[in-house]
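Enquirer: Take this structure, written in structure tokens, and hold onto it; I'll ask about it next.
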There are 2 protein chains.
Amino acid sequence: MDPPCSLYLVGIGPGDPAYLAPAARRALDTCNDWVAYRLYLDLLGPLGDGKQHHDLPLGEEIERARLALKLTLEGRSTALISSGDIGIYAMATLVFELLEGEFSEQANHIQIEVVPGISAVQMAAARAGAPLGHDFCTISLSDLLTPWETIETRLHAAGQGDFVTAFYNPVSRQRDWQLAHAKKVLLDYRPASTPVVIARNLGRDDEKVSFTTLAELDPQRVDMLTLVLVGNSESRMLDNGRWVYTPRGYRKKLNANTALPSEARP
Amino acid sequence: MDPPCSLYLVGIGPGDPAYLAPAARRALDTCNDWVAYRLYLDLLGPLGDGKQHHDLPLGEEIERARLALKLTLEGRSTALISSGDIGIYAMATLVFELLEGEFSEQANHIQIEVVPGISAVQMAAARAGAPLGHDFCTISLSDLLTPWETIETRLHAAGQGDFVTAFYNPVSRQRDWQLAHAKKVLLDYRPASTPVVIARNLGRDDEKVSFTTLAELDPQRVDMLTLVLVGNSESRMLDNGRWVYTPRGYRKKLNANTALPSEARP
């Protein structure tokens, strides 16, 4: 029997090659067949010269994952590419759904190598300061594949747990009320003045990052290329809106003038 | 007045230089003074040749952040370095705590550049398959800076929201009961068979990733270099324990044979 073929699932980060890890670059170099949405192939630019591009359009995610598996089984060296982290709201999970489903009989002929990338929430946080300084959660507001009741439950859980909360897919052309509703839910749990980071087109030429408060968050100003990051009840805007950060509690300890044990990664 | 000085806050990822983004490498190259815990300087190896190393020991996080700010104000090009993502349970937030506190008068002389890195939860997910395929949260089980009641509330919220849950700082030499308690809380909300990923020393030579179930999770097998990632109620172990993934719901749609709209990053 032939040895198993490798399929690389590659997250390329926000788009700027400065955030493309060498491991991702190596995986892309190794592969002759690149399967991706056209925008991501464009972001990779000349790195893709000489590669066989397979760019299925938006909405054809299943077909893209299926094609990547088929090419791999044909013995072609294949990379399936997403922006951000391919494991976070992107294509990786879909490949495993297919491996459990229509590709189950071929699953043991396939090796999967996942190369993570910088996700939008990380890039937004880096631009803002340190809003992810404490426990956080991510919630996709897209109810195309997830029942709205599940999302609603998670919004309340995010509120009850006082998690810093990142909204992926906050709105789309078809969905306009979800973000307003999410805002309303969180306002039941945290102050109107809670800082919010609105980050659009992260790591691309027209990147725009701005701050507002939870009460003033205007869903009309948010589109599908935007990540919305809501602080927890302790998040703070610093130095006249230059930075947003979420304290871990060192200052409290410092003021208490006690010894300073710590388990942050140093 | 002198122009503001830049302090670079750099996340170097798991340790393997294959996950060090070019942006991080560039920031490190730019800076002559590197402030970090010794282990991270070692991980960077020859990249640090010719740099002025300031390696304050574990537990001296405040001093490390303070030193980085002082060096910056002296006009030295300085990088404060953490493994993983410096914005996630690491040093970045501490710098902002100091900028709001004892460095508040100098804050506008300092520019901060944050360079995110691949965090442990992402690396663990990549090794496991796609456990972060749906909404997730991260919780630090360290109660050194956070009251245990806050952590307990978050554990229940993670359970109620059915978030995939990553535990950072699951245990330490001084703390041994928190993970067992966290397991007990989550077992109130999700099945005993829920897959759990145990990932130790990610991206380093002695990396070890194994799977178990929530019921069988043995806190004795977890140490402070381990990340514990608990699936949600739909997470699955696939192909005899080769992979763990959390479906987003495509297969359901596929079976329903409907059109397949999607807002995953394609």
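Enquirer: Those residues that are buried (at least 23 other Cβ atoms within 10 Å of the Cβ) and at the interface with chain B (Cβ under 9 Å from one of its Cβ atoms), I need them from the range A:25-36; list them, please.
Expert: The one that is buried (at least 23 other Cβ atoms within 10 Å of the Cβ) and at the interface with chain B (Cβ under 9 Å from one of its Cβ atoms): A:36.
Enquirer: Only one of A:167, A:163 is in contact (Cβ under 8 Å) with a residue 12 or more places away in the chain and at the interface with chain B (Cβ under 7 Å from one of its Cβ atoms); which? Give the derivation first.
Expert: Details: A:167 fails: at the interface with chain B (Cβ under 7 Å from one of its Cβ atoms).
Exactly one of A:167, A:163 is in contact (Cβ under 8 Å) with a residue 12 or more places away in the chain and at the interface with chain B (Cβ under 7 Å from one of its Cβ atoms), namely A:163.
Enquirer: Tell me, which residue of the range B:149-160 that is within 7 Å of chain A (Cβ to nearest Cβ) and surrounded by fewer than 22 Cβ atoms within 10 Å (Cβ to Cβ) is farthest from residue B:233 (Cα to Cα)?
Expert: That would be B:153.
Enquirer: Could you tell me whether residue A:47 is within 19 Å of residue B:126 (Cβ to Cβ), of a type in the set (A, V, I, L, M, F, W, C), more than 9 Å from every other protein chain (Cβ to nearest Cβ) and without any contact (Cβ under 8 Å) to a residue 60 or more places away in the chain? So that I can check it myself, show each step before the final result.
Expert: On the way: within 19 Å of residue B:126 (Cβ to Cβ): no; of a type in the set (A, V, I, L, M, F, W, C): yes; more than 9 Å from every other protein chain (Cβ to nearest Cβ): yes; without any contact (Cβ under 8 Å) to a residue 60 or more places away in the chain: yes.
Considered against the rule, which asks whether it is within 19 Å of residue B:126 (Cβ to Cβ), of a type in the set (A, V, I, L, M, F, W, C), more than 9 Å from every other protein chain (Cβ to nearest Cβ) and without any contact (Cβ under 8 Å) to a residue 60 or more places away in the chain, residue A:47 comes out as no.
Enquirer: Consider residue A:202 carefully, then state whether it is within 23 Å of residue A:17 (Cα to Cα), in contact with a Leu (Cβ under 8 Å, 6 or more places away or on another chain), modelled with pLDDT under 95 and within 13 Å of another protein chain (Cβ to nearest Cβ).
Expert: Details: within 23 Å of residue A:17 (Cα to Cα): yes; in contact with a Leu (Cβ under 8 Å, 6 or more places away or on another chain): yes; modelled with pLDDT under 95: yes; within 13 Å of another protein chain (Cβ to nearest Cβ): yes.
For residue A:202, the condition - within 23 Å of residue A:17 (Cα to Cα), in contact with a Leu (Cβ under 8 Å, 6 or more places away or on another chain), modelled with pLDDT under 95 and within 13 Å of another protein chain (Cβ to nearest Cβ) - is met.
Enquirer: Can I ask one more? In this structure, does residue A:15 turn out to be assigned to a loop (DSSP other than H, G, I, E, B) and buried (at least 22 other Cβ atoms within 10 Å of the Cβ)?
Expert: Details: assigned to a loop (DSSP other than H, G, I, E, B): yes; buried (at least 22 other Cβ atoms within 10 Å of the Cβ): yes.
Yes, satisfied.
Enquirer: List every residue pair whose Cβ atoms lie under 6 Å apart, where the two residues are 6 or more positions apart in sequence or sit on different chains, the first residue falls within the range A:84-104 and is touching a residue at least 40 places away in the same chain (Cβ under 8 Å), and the second residue, located anywhere, is among the hydrophobic types (A, V, I, L, M, F, W, C) and part of a loop (DSSP other than H, G, I, E, B).
Expert: A:87/B:132; A:88/B:132; A:89/B:264; A:90/B:264; A:92/A:86
Enquirer: Identify, please: which residue in the range B:171-195 is assigned to a loop (DSSP other than H, G, I, E, B) and of a type in the set (Gly, Ala, Ser) and is, among those, farthest from residue B:125 (Cα to Cα)? Give the derivation first.
Expert: Taking the range B:171-195 as the starting set, the residues that turn out to be assigned to a loop (DSSP other than H, G, I, E, B) are B:171-177, B:188-194.
Now drop any that are not of a type in the set (Gly, Ala, Ser), which leaves B:172, B:192-193.
Values: B:172: 22, B:192: 20, B:193: 18 Å.
Among residues in the range B:171-195 that are assigned to a loop (DSSP other than H, G, I, E, B) and of a type in the set (Gly, Ala, Ser), the one farthest from residue B:125 (Cα to Cα) is B:172.
Enquirer: Only one residue in B:107, B:79, B:90, B:68 is facing another protein chain (nearest Cβ under 7 Å) and under 23 Å from the mean Cα position of the chain (by Cα), so which one is that? Full working, then the answer.
Expert: On the way: B:107 fails: under 23 Å from the mean Cα position of the chain (by Cα); B:79 fails: facing another protein chain (nearest Cβ under 7 Å); B:68 fails: facing another protein chain (nearest Cβ under 7 Å).
Result of the check over B:107, B:79, B:90, B:68: B:90.
Enquirer: Could you grab me the full set of residues in the range A:1-32 that are over 22 Å from the mean Cα position of the chain (by Cα) and closer than 21 Å to residue B:129 by Cα?
Expert: At the first step, the residues of the range A:1-32 found to be over 22 Å from the mean Cα position of the chain (by Cα) are A:1-6, A:29-32.
Matches in the range A:1-32: A:3, A:4, A:5, A:6, A:30, A:31.
Enquirer: I'm told residue A:68 meets every condition in (1) touching a residue at least 60 places away in the same chain (Cβ under 8 Å); (2) part of a loop (DSSP other than H, G, I, E, B); (3) aliphatic (A, V, I, L, M) except one. Can you identify the failing condition by its number?
Expert: (2)
So that you can scan it fast, the table gives a plain yes or no per residue for (1) part of a strand (DSSP E or B); (2) over 19 Å from residue A:85 (Cβ atoms); (3) over 16 Å from the mean Cα position of the chain (by Cα); (4) not assigned by TED's automatic domain parsing to the domain that holds residue A:172:
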{"position": "A:197", "(1), (2), (3), (4)": "yes, no, no, no"}
{"position": "A:205", "(1), (2), (3), (4)": "no, yes, yes, no"}
{"position": "A:211", "(1), (2), (3), (4)": "yes, yes, yes, no"}
{"position": "A:216", "(1), (2), (3), (4)": "no, yes, yes, no"}
{"position": "A:220", "(1), (2), (3), (4)": "no, yes, yes, no"}
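Enquirer: While we're looking at this one, here's another question. Taking the condition among the aliphatic types (A, V, I, L, M), facing another protein chain (nearest Cβ under 10 Å), without any contact (Cβ under 8 Å) to a residue 60 or more places away in the chain and surrounded by fewer than 23 Cβ atoms within 10 Å (Cβ to Cβ), does residue B:187 pass? Don't jump to the end; show me each part of the working.
Expert: Numbers: among the aliphatic types (A, V, I, L, M): yes; facing another protein chain (nearest Cβ under 10 Å): no; without any contact (Cβ under 8 Å) to a residue 60 or more places away in the chain: yes; surrounded by fewer than 23 Cβ atoms within 10 Å (Cβ to Cβ): yes.
Criteria not met by residue B:187.
Enquirer: State all residues of the range A:231-266 that are crowded, with 18+ Cβ neighbours inside 10 Å, at pLDDT below 75 and among the small types (Gly, Ala, Ser); if no residue qualifies, say none.
Expert: A:262, A:264 - these are the residues of the range A:231-266 that are crowded, with 18+ Cβ neighbours inside 10 Å, at pLDDT below 75 and among the small types (Gly, Ala, Ser).
Enquirer: Can you report the number of residues in the range A:132-147 which are modelled with pLDDT of 95 or more and more than 8 Å from every other protein chain (Cβ to nearest Cβ)?
Expert: Qualifying residue count for the region: 1.
Enquirer: State whether one or more residues within the range A:85-92 are more than 22 Å from residue A:172 (Cβ to Cβ), at pLDDT 95 or above and not polar (S, T, N, Q). Quick ask: steps written out before the conclusion?
Expert: Initially, the range A:85-92 is screened for residues more than 22 Å from residue A:172 (Cβ to Cβ), giving none.
Looking for residues that are more than 22 Å from residue A:172 (Cβ to Cβ), at pLDDT 95 or above and not polar (S, T, N, Q), one finds none in the range A:85-92, hence no.
Enquirer: Let me ask something else about it. Taking the range A:170-182 as the search range and keeping residues that are farther than 22 Å from residue B:247 by Cα and in contact with a helix residue (DSSP H, G or I) (Cβ under 6 Å, 6 or more places away or on another chain), which one is farthest from the other protein chains (Cβ to nearest Cβ)?
Expert: Residue satisfying both the conditions and the ranking: A:180.
The values are calculated or read from the model by the stated rules, or taken from the named source; none is laboratory data. None of these values were measured; they are calculated from a predicted model. Because the Cβ atoms are built from the backbone with ideal geometry, glycine has one as well, and the counts that use them run over all protein chains shown.
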